[in-house]
Number of protein chains: 2
Amino acid sequence: MGTRLLHRTIRKNYFLRHPLPKPTQKQCMLHRTFPKPISNLSCEALVYRRHGAFSDVLHLEEVPLFYNGREDIYIRMLAAPVNPADINMLHGNYGITPCFPAIGGNEGVGEVIKVGCNVNSVKPGDWVIPTDSGFGTWTTHAVCQAHQVTSIPNNISLISAATVSVNPCTAYRMLMDFVTLNPGDTVIQNGANSTVGQAVIQICSSMGINTINVIRDRPNVNALIEKLRSLGATYVITEETLQKQEMADIFKVVERPKLALNCVGGRSAGDLFTHLMDGSTMVTYGGMSRKPTPVPAKAVIFRNIKLYGFWMTQWKKDNLHDVAKIKGMLSDLIEMVRKGHLLEPACTQIPFKEYETAFHDSLNPCGSKNILIME
Amino acid sequence: MGTRLLHRTIRKNYFLRHPLPKPTQKQCMLHRTFPKPISNLSCEALVYRRHGAFSDVLHLEEVPLFYNGREDIYIRMLAAPVNPADINMLHGNYGITPCFPAIGGNEGVGEVIKVGCNVNSVKPGDWVIPTDSGFGTWTTHAVCQAHQVTSIPNNISLISAATVSVNPCTAYRMLMDFVTLNPGDTVIQNGANSTVGQAVIQICSSMGINTINVIRDRPNVNALIEKLRSLGATYVITEETLQKQEMADIFKVVERPKLALNCVGGRSAGDLFTHLMDGSTMVTYGGMSRKPTPVPAKAVIFRNIKLYGFWMTQWKKDNLHDVAKIKGMLSDLIEMVRKGHLLEPACTQIPFKEYETAFHDSLNPCGSKNILIME
């Protein structure tokens, strides 16, 4: 890679790390005021220059980093997961598009190595996670500015720290931001075995909220039911059960749900409406079945059910400068982790240089999560 | 009809005119404190004792009325439309169910004949319309209490007065309560030739709001397009056009819609999502296609489109005692009527005793509205 191309890589990644005016914006704003480098470093990063399958477009490259010693923070990345959204972003099938060339990965944890003289929000040795999406976490090192990372305590496991900022945060916000949930209330969700789904079960359990967890039928269904129950699920049922008399029995014991979380769409989502409380809310955060959710007119008109979407990436953009809100959320979640109420996800740790093996099955949300370990 | 049965009719209709605790409540609360009658009157009313087709269940009967001379208002009904919702209610296919025997009809206008000594909200000669649904307007006369009717000016046409409280109010609330619309903004709606749709066109036109009006293709489509344009429609298109390049041309001229109004469901509603502004709102108030609205995950997640239902009956229940809000809405609408910005709906006036002819085609929202004239 020639120097000219390397400079271009860096400049574009610099912009990638700044919020774009619109999430679907396809063109870069070329800031001409890129700071003059005063210290040259480099990293190894997984770079892509066009959309496509990871095996075609993603390559490990040496990339220069410029640390100015004033506003910059120099970070050693420790661990970064491969999330389904990262893969969708590689494919160009996601709500935000990076400017090319781009470093992949949106989530992870790093350790601060050194900070510029004007930085007082973090110090060397701190653990930090990206504040916004599009950070480019699949790298050994990074240079960024103070608002681009948030420090977290380093007394939780590396895996918990590397995976707290997307899925548990998604679960947390969906439970906090749409309806007021009190102990004894009920939440229903499909795709309950997804990483978000498992976080929903654990957060609800710690708050005394009942969960009805819908999963697809499968050969080992009883083992999965046991696993989700052990996380604190009140009920675990298959999609077929939604149409059966057993539902009436459930509602003799717990209230009807005032919140439905939908990451599947199609019939799996449509079948939830029958069971919701009048005036309840459905929040859609995924569409695993790739089918639209069929919404009956009567459910919204006569039963006043409301439908919203939730996208953590957008929430981060909207709340980028609300440090107290971000810190509050992370503090709550990390406290749950510390108390053992929010377990680290089942995952396979893969050395960074063996990254190719990390991308298999990454689009299967029920599969084991793969985490790149940089050290 | 024996006296015992007549008394039962009245008692039940008395409760019908009081708000039920829940719109779907199937059982009556039997208030034993029904006031002792001190003046006996009677009316002729269209009574039904069970759900079914109008020809099977609806009969013109003489029904006694009890006027106590204190809190009661004695009304002569002047005109009452036959709305699709009334027919759905006859069929038992609506969000509220009357207690039987019941008098049909939810909308209409009456003239106050006399008022009890404790009534000061209306006076003899005033025109009044029902405040809530379930009044039972298909009758020559009625006795009710002050909060059950709202007075309106009698310097608009009888037809406008008899039809202002359901469809124009539905259009008005959907335009006011979900997004803030400013001149130059755009609203898109399907079923644009429905009575609500025509009110939406006229209210938007008077506010400087663009409307994109979707109708089904039909043999006389150009005549209908002309008719809706003459009401103030900015664009009138067929459902097929939603998938064509012409839409891009429209959005070179007007903004993308921040509000979609849906009374059809099915593909007609699903095809609207492509054209909505990010962050916009779809309000569903009908399901004429009897098919659910297919909601794409990407529309709600990445484009933050929100979905609500609207039901005028529920709004009335929720705002029954907010006299200022109800009066304000009616005052705005009647001012539009007076200025010629909101025309009376095309309708066929049918003498009350010939009621049977009024029920044909009443479920066809694109057909002419039938209005019973009591005098």
Worksheet item: Checking A:Gln349 against (1) assigned to a helix (DSSP H, G or I); (2) closer than 30 Å to A:Arg229 by Cβ, which single condition isn't satisfied?
Response: (1)
Practice prompt. May I ask you to verify whether A:Ile225 is in a helix (DSSP H, G or I) and β-branched (Val, Ile, Thr)?
Written response: yes
Worksheet, complete the sentence: Just one listed residue, out of B:Arg256, B:Arg173, B:Arg267, is charged (D, E, K, R) and under 26 Å from B:Pro345 (Cα atoms), and it is B:Arg173
Response to the item:
Note on segment A:97-128: residues touching a Phe, Trp or Tyr at 6+ places or on another chain (Cβ under 7 Å) and within 14 Å of chain B (Cβ to nearest Cβ) are none
Worksheet item: Among the residues of segment B:262-305, how many are of a type in the set (A, V, I, L, M), at the interface with chain A (Cβ under 8 Å from one of its Cβ atoms) and outside any loop (DSSP other than H, G, I, E, B)?
Response: 5
Discussion item. So A:Gly340 ticks every box in (1) in the same structural domain as A:Leu224 (by TED's automatic domain parsing); (2) part of a loop (DSSP other than H, G, I, E, B) but one. Which box is left unticked?
Written reply: (1)
Fill in: Candidate set: segment A:306-325, residues that are within 21 Å of B:Met282 (Cβ to Cβ) and part of a loop (DSSP other than H, G, I, E, B); chosen: the one nearest to the other protein chains (Cβ to nearest Cβ)
A:Trp311
Item to complete: Among the candidates B:Glu335, B:Glu344, B:Glu354, B:Glu375, single out the residue that is modelled with pLDDT under 90 and of a type in the set (D, E, K, R).
Response: B:Glu375
Discussion item. Which condition from (1) touching a strand residue (DSSP E or B) at 6+ places or on another chain (Cβ under 8 Å); (2) modelled with pLDDT of 95 or more; (3) not aromatic (Phe, Trp, Tyr) is the one that B:Ser42 breaks?
Written reply: (2)
Item to complete: Return yes or no: is A:Asp177 touching a Lys or Arg at 6+ places or on another chain (Cβ under 9 Å), of a type outside the set (A, V, I, L, M, F, W, C) and within 21 Å of A:Pro257 (Cβ to Cβ)?
Response: no
Worksheet item: Being within 19 Å of A:Met174 (Cα to Cα), open to solvent by 10 Å² or more (accessible area, probe 1.4 Å) and not basic (Lys, Arg), is that true of even one residue in segment A:289-298?
Response: no
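Residues are listed down the side, and each one gets a yes or a no for (1) touching a strand residue (DSSP E or B) at 6+ places or on another chain (Cβ under 7 Å); (2) not hydrophobic (A, V, I, L, M, F, W, C):
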site	(1), (2)
B:Pro81	yes, yes
B:Pro84	no, yes
B:Pro101	yes, yes
B:Glu111	yes, yes
B:Asp126	yes, yes
B:Thr150	yes, yes
B:Asn167	no, yes
B:Met174	yes, no
Worksheet item: So which residues in segment A:238-261 are within 14 Å of another protein chain (Cβ to nearest Cβ) and open to solvent by 50 Å² or more (accessible area, probe 1.4 Å), if there are any at all?
Response: A:Arg256
Response to the item:
Only one of (1) more than 24 Å from A:Ile373 (Cα to Cα); (2) open to solvent by less than 20 Å² (accessible area, probe 1.4 Å); (3) within 14 Å of another protein chain (Cβ to nearest Cβ) does not apply to A:Tyr94, and that is (2)
Discussion item. Cβ-Cβ distance below 6 Å, separation of 6 or more or different chains: which pairs start in segment B:345-365 with a residue that is under 28 Å from B:Leu333 (Cα atoms) and end on one that is at pLDDT below 90 and β-branched (Val, Ile, Thr)?
Written reply: B:Ile350/B:Thr357
Worksheet entry | Flag for A:Pro345 being within 20 Å of A:Leu261 (Cβ to Cβ) and not hydrophobic (A, V, I, L, M, F, W, C) | yes
Worksheet item: Just wondering, is there one or more residues in segment B:100-112 that are surrounded by fewer than 21 Cβ atoms within 10 Å (Cβ to Cβ), over 19 Å from the mean Cα position of the chain (by Cα) and over 26 Å from B:Glu356 (Cβ atoms)?
Response: yes
Practice prompt. Inspect all residues belonging to segment B:99-111 and state whether any of them is out of contact with any Asp or Glu (no Cβ under 8 Å at 6 or more places or on another chain) and more than 26 Å from B:Gln314 (Cβ to Cβ).
Written response: no
Item to complete: For segment A:250-261, enumerate the residues that are aliphatic (A, V, I, L, M) and part of a helix (DSSP H, G or I).
Response: A:Ile250, A:Val253
Worksheet, complete the sentence: Filtering segment B:143-169 down to residues that are over 20 Å from the mean Cα position of the chain (by Cα) and open to solvent by less than 10 Å² (accessible area, probe 1.4 Å) yields B:Cys144
Worksheet item: Within segment A:64-78, can you find the residues that are within 26 Å of A:Pro345 (Cα to Cα) and either of a type in the set (D, E, K, R) or in a helix (DSSP H, G or I) (or both)?
Response: A:Arg76
Fill in: Positions within segment B:167-209 being in a loop (DSSP other than H, G, I, E, B) and under 23 Å from B:Thr293 (Cα atoms), in sequence order
B:Phe178, B:Val179, B:Asn190, B:Gly191, B:Ala192, B:Asn193, B:Ser194
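The values are calculated or read from the model by the stated rules, or taken from the named source; none is laboratory data. Because the structure is predicted, anything quoted here is derived from the model rather than measured. When we count neighbours, we look across all protein chains shown, and the Cβ atoms used for this are built from the backbone with ideal geometry, even at glycine. SASA here: full protein model, heavy atoms, side chains in, ligands and nucleic acids out. Shrake-Rupley method; radii C 1.70, N 1.55, O 1.52, S 1.80 Å.
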